[in-house]
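What follows is a single structure, written as structure tokens, with notes after it.
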Amino acid sequence: MEFNLETIFWISAVVGSTFFILKTAAMFLGMGDQFNIDIDDGSDLHGLDNAGAIIAFKFLSLTGITTFLMMFGWGGLVAIKQYQLSLAAAVILAIVIGVIAVLIIAMVFKYAMKLHSGGAEFSEKDIIGLSAEVYSRIPVEGTGRIQINVGGLIREMDASSAEGIEIASHQKVEVVSLLSPDTVSVKVLPTEK
């Protein structure tokens with residue numbers, strides 16, 4: 001097969017689309033972190049304003065690269081196949097379409113970040129000593145699930161037994177420590193007489 005510009009457009013379109021679809025599906029399945037291979041986290045972009053930092057960040061992220069490749073490839077193929085543009089015009093149009101797509105994705109991320117609520121975030125001091133109810137049995141070793149009211153929001157979290165005993169469902173417990181952002185250690189609350 002002759003390696004020409006059309007082949008480059010096809011490779012870009014297929015590779016970009018494949019990674020874009022995989023990353024989107026992973027985000028919907030709660031596995032977005034599996035594909036978060038960002039080259040730059042934006043932390044060294046202090047001199048830029050918020051929009052500029054996000055746009056620069058998206059150009060250097062896997063999302064930005066796959067979006068650019070996907071739209072560069074499909075834009076170039078449409079320019080050649082549908083509009084019969086010259087190769088130079090097709091490349092310029094493909095680059096413009098790719099850049100515009102990345103800018104649109106960056107702006108979507110900018111507005112999505114504005115929708116972020118800090119209400120569900122908490123620190124160790126906010127949760128230690130709170131009472132909760134076991135939602136799913138906590139085994140001697142391993143974790144179960146609890147429901148806990150943190151800042152007026154009911155959260156479900158993984159929980160392990162601080163006392164090394166099995167804790168049945170619907171048992172009242174107290175949070176002893178925060179093991180990770182989503183896992184706590186609990187002890188059984190004494191039953192009221």
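The values are calculated or read from the model by the stated rules, or taken from the named source; none is laboratory data. If you're wondering where the values come from, they're calculated on a predicted model, not measured in any experiment. Please note: Cβ atoms are built from the backbone with ideal geometry, for glycine as well, and neighbour counts cover all protein chains shown. With ligands, DNA and RNA removed, areas are computed over all heavy atoms of the protein, side chains included. Shrake-Rupley method; radii C 1.70, N 1.55, O 1.52, S 1.80 Å.
Odds and ends about this structure:
- FRET efficiency estimate (nearest 0.05) - Cβ-Cβ, ALA26 to SER169, R0 25 angstrom: 0.20
- Ordered from largest to smallest accessible area (heavy atoms of protein chains, 1.4 Å probe), the residues ASP158, ASP126 come out as ASP126, ASP158.
- One chain, two ends: ASP126 and ILE8. Fully extended at 0.36 nm per residue, the span grows by 37.1 nm beyond their Cα-Cα distance.
- Surface accessible to a 1.4 Å probe, ARG137 within the full protein complex, Å²: 110
- In this simple spin-label approximation, VAL99 and ASP182 carry label points 7 Å from Cα along the Cα→Cβ vector, and these lie 3.9 nm apart.
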